[in-house]
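The values are calculated or read from the model by the stated rules, or taken from the named source; none is laboratory data. Every value quoted in this text rests on a predicted model; they were computed, and no experiment measured them. In this analysis, Cβ positions are derived from the backbone assuming ideal geometry, glycine residues included, and neighbour counts consider all displayed protein chains. Note: areas computed on protein heavy atoms with side chains; ligands, DNA, RNA excluded. Shrake-Rupley method; radii C 1.70, N 1.55, O 1.52, S 1.80 Å.
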Amino acid sequence: MIPAEFKYLFPSSVDEAVRMLAEEGEDAKVIAGGQSLVPVLRMRLAAPTALIDIGGLTELTGVRDDGDSLLIGAMTTHYEVQRDHLVHDHALLLKLVTDTIADPQIRHRGTFGGSLCHADPAGDLLAPALALDAVMIIAGPGGRREVPASEFFVDYFTTALAPDEILLDVRVPKHTGWSAHYEKLNRVAQAWSIVAVAAAVQVRDGAISAARVGLTNVGSGPVRAVDVEAALVGQEPSASVISEAALRASTGDGYKDNLARVLTGRALTAAVAG
Amino acid sequence: MTATAEPEVGKARLRKEDARLITGQTRWTDNLQLTGMLHMAVLRSPVAHARITNIDVSRATSMPGVAVVLTGEDLAAEQGSLPCAWPITEDMKSPPAPALAVDQVNFAGEAVALVIADSAYHAADALEAIDVDYEDLPVVLDLEVALRDNDLVHPDLGTNKSATWIFDSAEAGAGTDVEAEIAAAEVVIERTFRQQRLIPAFMEPRSVVVDSSAGMFTVWSATQIPHILRWMLSAVTGISESKLRVIAPDVGGGFGGKLQVTPEELLCLLVARRMGRPVKWTETRTESMLSAHHGRDQLQKITLAARRDGTVTGLKVELLADMGAYLRLVTPGVPILGAFMFNSIYKFAAYRFVCTNVFTNKVPTDAYRGAGRPEATFAIERMMDELAVELDIEPMKIREKNWIKHEEFPFTTVAGLTYDSGNYEAATARAMELFGYDDMREEQARRRADGSTVQLGIGISTYTEMCGLAPSRVLGALRYGAGGWETASIRMLPTGKVEVITGTSPHGQGHETVWSQIVADRLGVPFEDIEVLHGDTATSHKGMDSYGSRSLAVGGTALVQAADKVLAKARTLAAHMMECDEADVEFASGSFSVRGTSTVRALGDVVLAAHVAHDLPEGMEPGMDADATFDPDNFSYPHGTHLCATEVDTETGMVKIVRYVAVDDVGTVVNPLIVDGQVHGGLAQGIAQALYEEATHDEMGTLTSATFADYLVPSAADLPAFLTDRTTTPATSNPLGAKGVGEAGTIASTPAVVNSVLDAVRHLGVRDIEMPMSPERVWTALQGRPDEGAGEVAAGGLGSIDAQGGQS
Ligand SMILES: Cc1cc2nc3c(=O)[nH]c(=O)nc-3n(C[C@H](O)[C@H](O)[C@H](O)COP(=O)(O)OP(=O)(O)OC[C@H]3O[C@@H](n4cnc5c(N)ncnc54)[C@H](O)[C@@H]3O)c2cc1C
């Protein structure tokens, strides 16, 4: 498959990348790992006039400790996220979710930031980003700004990023010592989630002190199951509490509503167990 | 039969082919670069049924690098009609099938215009600059709707029915009258099954290169059928067959999907002739899914008559088979190949098969792994389970009651075939033992009693198939346009090395390895000294190519015959050289000797003597080569018993295969490693039909499963570890005793899985679930809701990028 012609640019700094993006205009696009963009180009579903490859911006790679939060560079690959100790210790949910993405080949190229910017409602990283209150740190011609996940995901494949902006880092508040689980239902290993549930819980003194639950692929973007979270807090992590809370993941009677409830129950059960 | 010290036949040899394939050393068709080569890109119809009112190529023609833009009108005078080699009835309706649509398109994906440019990039860019005006026609998609003839795919034909083909055991004298059996039956069961549309999904996309230099046309194509292709291209274009050379280099899979004379092969040839320059076309994956032929797509109405003791007395099969928009090479015959298999391993008194072939505005269907036989096996194995449930008889017992006993072979079936050999009892006993059948039933009972959310099901599929295609006289009787023989040549080279030329055309099967093993044993030469040549009509001038699990049973037999001819001549010459009577010459381990003496001549010495021809017996021609052609008397009939255990998660509808046992009887095994590979791949493909794969369309006829994000092909990660074993009842219809293994796994596994899933949830009120048994379908069935045949739930990925994705 052959994409339409485009100009290829390889900036060596964030400032240069932002400048290039502005200069090339609306039809320019950032390319990160290319695991979502290249298929789109090859099928000619999009025909950007210029691709600005941010693969050379080493400052966007890696995970840093920033006090109460982690800063995850947008260009950090799935493979790196899976193996990062900071992520493991302070945002276990992200590691568990990333483990389920695609296959090793794709995890070596696909990036954390690219997944969020692509904003495929079936993409696995949106729900945990929302549930963990992640904040996007964005650079544009007007400087830097921060957008919380709750405002970042706007619609199917649409984020709060302006065409001339680049996602630099994602700030993820530390959830040290929380237990977590990602319950994903997909038909074959390389298929996307039909529905998936990301859950993180903090248990203190035999009671759930805090809970975070995000749903993948139940709407035009990730959904935070706030009613479920509320039903858990202050309760002991028992089977009956969990099954009661899980019922609040959805009120409909369709297949996906059912999955939202069932998988929420399973995600929470697995999370509190371990 | 003579043998080397350690026989090659039966050895699990690693494949000769693998090093070059795995290390990327081979040259696929798309790797070819010829001087001055042009590149062809194909504009395809986005609509399923429309009149073409105008095509404006002016913008495209002036794009960079474009040599010419061609429409159907430009080629109308020379393109003729793509061939259909199987007119199943005298009055079969077959519309003209232009390679490039002229004034009407009949399926979405049909070729409408060609760009020929100096690079594939320029060709692809210019495609977008062609403007086509379409005037929509009513789209016919559903088989039963099509049958009403309200809207017609081809108005000129006056109907959407292409042909009706009937077999009736009473009329054929092979059995009693099925209507009488049904009328007299104690139990009658009627069911309708849908065989969904499948996409062959071979790994290497199709690719064609045509070189028109030196007054010859050389066609490289990723095809399964270089010989048939040469014949058909010559017939369609009028180019002398002697001026056409077809080469199938290494080909990356076919599964029947490359058993075709494709529009693009013909178009490349026409373009090369017109331009006087080499031309290449290579498809994209989506293009492949939109335009290469599809498989299956039948509606099967099955009526089974039985006695209350479980004895089946009659079977009536009424099929609607979706041809798609045109009849390709063997499109109409695919369901007919199933006609002889619905009775399977059983002894039914009466059988009637009626198939109506129907046109729709979809991609043409044609051969796909198993071709007709998986559909038949599915239907009868599902029906045996339905009967077992109806009569409350253990499903294996009901099969046993009806199957042909081992002492009854050879057995002539109600469909008129004579099964030469088999032992269903042995394969079944072994399968049940490996599976732990009784323990599994106990576990199932436990889960039912507990009301577990994860229920266990056990599915049985006892199958046979007819392969080793095919006795030419039978093909003739079925009105097929060609024979079913196969040919082989052996060239004994003066240095003692051996060239084997085969008319089969491997595309992943490993013939080079297996053919070498056979010849090594036969002639006592080292495996490594044998080179197998195939897939080039200049070296292998005749052959019927590879499909229908025929290559070993038919092509391998031709090879044995050729080897025996070499030996016969060598024996005469050896006797001459050793100055003895031919009757006293013995052959063992590659050497001739005179019985009771120490006089010995190695085969290599005899070959050299034949080559130099200094001293040959009176009348003997120099050289030691031999050709042989084998036309089988009968098909071969592999069989086996497959058992599948599935867990069904009743809360999500997810199905997981927890144990799969396949005990196959494929006759003599030349290379167990290759046989295991064929079984594993076949199982994966059959399981995929049961659980994952389906070509879907929207109401406009657009294919909504045109990427691998939407068309779910399982990988190793999705499949269980298979427990396989074999029983060996050699075929009596060929000297190798081989039956064929290319399709067995695919044929057997689909009903094993579906029976298993239904067995898991039947006590919860579920009677049937359509394939593929997606979690949503299973869950919906468990809710007691009718399956609206709705598309699958959103699954994102490319499917969700493409607004028209099948999983929106
Ligand atoms: C076969 C296959 C299976 C997959 N399976 C899964 C799966 O199971 N789960 C899952 O979640 N994902 C899956 N993916 C997607 C994968 O995770 C991608 O890597 C990811 O969606 C995009 O990341 P990327 O770095 O490749 O981004 P790219 O493809 O390079 O970019 C995607 C989009 O984001 C924009 N973008 C990227 N980075 C930035 C940035 N820093 N600032 C601004 N815009 C940016 C681009 O302009 C583009 O529009 C799969 C992909 C493939 C090919």
Item to check | Unmet requirement for B:Pro617, which otherwise passes all of (1) within 14 Å of chain A (Cβ to nearest Cβ); (2) in contact with a helix residue (DSSP H, G or I) (Cβ under 7 Å, 6 or more places away or on another chain); (3) open to solvent by less than 50 Å² (accessible area, probe 1.4 Å) | outcome: (1)
Checklist entry - If you go through the range B:731-741 one residue at a time, do you hit one that is away from chain A (no Cβ under 14 Å) and touching a Cys at 6+ places or on another chain (Cβ under 8 Å)? => result yes
Checklist outcome for this item: Counting only residues that are closer than 23 Å to B:Ile518 by Cβ and either assigned to a helix (DSSP H, G or I) or open to solvent by less than 40 Å² (accessible area, probe 1.4 Å) (or both), the range B:587-604 contains a total of 7
Next on the checklist: Need pairs with beta-carbon distance below 8 Å; first residue open to solvent by 10 Å² or more (accessible area, probe 1.4 Å) and more than 8 Å from the ligand (Cβ to nearest atom) and within the range A:110-131, second aromatic (Phe, Trp, Tyr) and not in a helix (DSSP H, G or I); sequence gap 6+ or separate chains.
Outcome noted: A:Leu130/A:Phe153
Checklist entry - Could you say which residue among A:Ala47, A:Ala74, A:Ala28 is exposed (fewer than 15 other Cβ atoms within 10 Å of the Cβ) and within 14 Å of the ligand (Cβ to nearest atom)? => result A:Ala47
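So that you can scan it fast, the table gives a plain yes or no per residue for (1) touching a helix residue (DSSP H, G or I) at 6+ places or on another chain (Cβ under 8 Å); (2) within 16 Å of the ligand (Cβ to nearest atom):
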residue	(1), (2)
A:Glu183	yes, yes
A:Arg187	yes, yes
A:Arg204	no, no
A:Val218	yes, yes
A:Val223	yes, yes
A:Leu232	yes, no
A:Glu244	yes, no
Item to check | Count of residues meeting criterion [hydrophobic (A, V, I, L, M, F, W, C) and open to solvent by less than 20 Å² (accessible area, probe 1.4 Å)] in the range B:710-722 | outcome: 1
Checklist entry - Hey, among A:Gln35, A:Gln82, which residue is polar (S, T, N, Q), more than 7 Å from the ligand (Cβ to nearest atom) and touching a helix residue (DSSP H, G or I) at 6+ places or on another chain (Cβ under 8 Å)? => result A:Gln82
Checklist entry - Is one or more of the residues making up the range A:148-170 among the small types (Gly, Ala, Ser), farther than 30 Å from A:Val233 by Cα and within 13 Å of the ligand (Cβ to nearest atom)? => result yes
Checklist entry - Based on what the data block shows, is A:Asn186 free of Cβ contacts under 8 Å to residues at least 40 places away in the same chain, among the polar types (S, T, N, Q) and within 14 Å of another protein chain (Cβ to nearest Cβ)? => result yes
Checklist entry - Looking at this structure, is B:Thr26 farther than 30 Å from B:Thr696 by Cβ, in a loop (DSSP other than H, G, I, E, B), open to solvent by less than 30 Å² (accessible area, probe 1.4 Å) and not assigned by TED's automatic domain parsing to the domain that holds B:Asp125? => result yes
Item to check | Total residues in the range B:774-808, condition touching a Leu at 6+ places or on another chain (Cβ under 8 Å), modelled with pLDDT of 50 or more and surrounded by 22 or more Cβ atoms within 10 Å (Cβ to Cβ) | outcome: 2
Next on the checklist: Only one of B:Ile687, B:Ile674 is under 30 Å from B:Pro632 (Cβ atoms), at pLDDT 95 or above and within 23 Å of the chain's Cα centre (by Cα). Can you tell me which?
Outcome noted: B:Ile674
Checklist entry - How many of the residues in the range A:85-106 are closer than 18 Å to A:Ala127 by Cα, within 14 Å of chain B (Cβ to nearest Cβ) and either more than 8 Å from the ligand (Cβ to nearest atom) or free of Cβ contacts under 8 Å to residues at least 40 places away in the same chain (or both)? => result 2
Checklist outcome for this item: Residues in the range B:75-104 that are within 14 Å of B:Thr237 (Cα to Cα) and surrounded by fewer than 19 Cβ atoms within 10 Å (Cβ to Cβ) total 5
Checklist entry - What residue, among those in the range A:150-164 that are open to solvent by less than 40 Å² (accessible area, probe 1.4 Å) and under 14 Å from the mean Cα position of the chain (by Cα), is nearest to A:Asn217 (Cα to Cα)? => result A:Phe153
Checklist entry - Of all residues in the range B:590-647, which are β-branched (Val, Ile, Thr) and under 30 Å from B:Asp725 (Cβ atoms)? => result B:Thr641, B:Thr646
Item to check | helices (runs of 4 or more DSSP H) wholly inside the range A:1-84 containing at least 3 residues that are within 14 Å of chain B (Cβ to nearest Cβ) | outcome: A:37-42
Checklist entry - So which residues in the range B:345-385 are over 23 Å from the mean Cα position of the chain (by Cα), in a loop (DSSP other than H, G, I, E, B) and either at positive phi or of a type outside the set (Gly, Ala, Ser) (or both), if there are any at all? => result B:Lys347, B:Phe348, B:Asn361
Item to check | Every pair of residues 6+ apart whose Cβ atoms lie under 6 Å, when the first sits in the range A:190-219 and is more than 10 Å from chain B (Cβ to nearest Cβ) and closer than 19 Å to B:Ala709 by Cα while the second is open to solvent by 10 Å² or more (accessible area, probe 1.4 Å) and in a strand (DSSP E or B) | outcome: A:Ala196/A:Lys184
Next on the checklist: Among the residues of the range B:371-384, are any surrounded by fewer than 19 Cβ atoms within 10 Å (Cβ to Cβ) and either modelled with pLDDT of 95 or more or β-branched (Val, Ile, Thr) (or both)?
Outcome noted: no
Next on the checklist: B:Ser733 - would you say it is assigned by TED's automatic domain parsing to the domain that holds B:Ser461 and not in a loop (DSSP other than H, G, I, E, B)?
Outcome noted: no
Checklist entry - Taking into account only those residues within the range B:679-709 that are in a loop (DSSP other than H, G, I, E, B) and within 9 Å of chain A (Cβ to nearest Cβ), which is surrounded by the most Cβ atoms within 10 Å (Cβ to Cβ)? => result B:Ala709
Checklist entry - Taking the condition hydrophobic (A, V, I, L, M, F, W, C) and within 24 Å of the chain's Cα centre (by Cα), does B:Phe255 pass? => result yes
Checklist entry - closer than 26 Å to B:Leu127 by Cα and either under 22 Å from the mean Cα position of the chain (by Cα) or among the charged types (D, E, K, R) (or both), is that true of B:Ala292? => result yes
Checklist entry - What about A:Leu263, is it within 13 Å of chain B (Cβ to nearest Cβ) and of a type in the set (A, V, I, L, M)? => result yes
Next on the checklist: Kindly evaluate B:Val414 against the criterion of being over 27 Å from B:Asn734 (Cβ atoms) and not polar (S, T, N, Q).
Outcome noted: no
